[in-house]
Amino acid sequence: MNTGLCTVREILPDYPVNSIMVRTNHPFYDDEDGLLVGYCSWDGKSLIPLDGDIYRLDEIVYKYEWEEDSSLTYWILSNWYKGSDSGNGTG
């Protein structure tokens, strides 16, 4: 597992990645698992949503892990409203 702040773009290779799981921090979830955001893939230039969500290359990643099957899981930072279990601090 790699930790330290960086952007999604900084962790992606120049070659395609078929399976990427995106998770986020949330006060009600274990830091190891986090809250599942969704799934996407990488064609070497762009993130491709597999679930209709939007994934950005400039999102801040605080940890990521390459799996044995060459898939990637990364955890993005979100600023959750204090005392709320819905929404993040960005909107």
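Key figures
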| item | result |
| --- | --- |
| Members of the stretch 9-27 found to be more than 12 Å from Ser41 (Cα to Cα) and either touching a Lys or Arg at 6+ places or on another chain (Cβ under 7 Å) or assigned to a strand (DSSP E or B) (or both), listed by number | Arg23, Thr24 |
| Restricting the stretch 28-70 to residues that are in contact with a strand residue (DSSP E or B) (Cβ under 8 Å, 6 or more places away or on another chain), among the charged types (D, E, K, R) and in a loop (DSSP other than H, G, I, E, B), the residue that is surrounded by the most Cβ atoms within 10 Å (Cβ to Cβ) | Glu59 |
| Scan of the stretch 1-18 for residues that are among the hydroxyl-bearing types (Ser, Thr, Tyr) and more than 12 Å from the chain's Cα centre (by Cα), ordered by number | Thr3, Tyr15 |
| Neighbours by Cβ (under 7 Å, 6+ apart or cross-chain): first from the stretch 41-56, on the phi > 0 side of the Ramachandran plot; second at pLDDT below 95 and of a type in the set (Phe, Trp, Tyr) | none |
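The values are calculated or read from the model by the stated rules, or taken from the named source; none is laboratory data. These numbers come from a predicted model, not from an experiment. In this analysis, Cβ positions are derived from the backbone assuming ideal geometry, glycine residues included, and neighbour counts consider all displayed protein chains.
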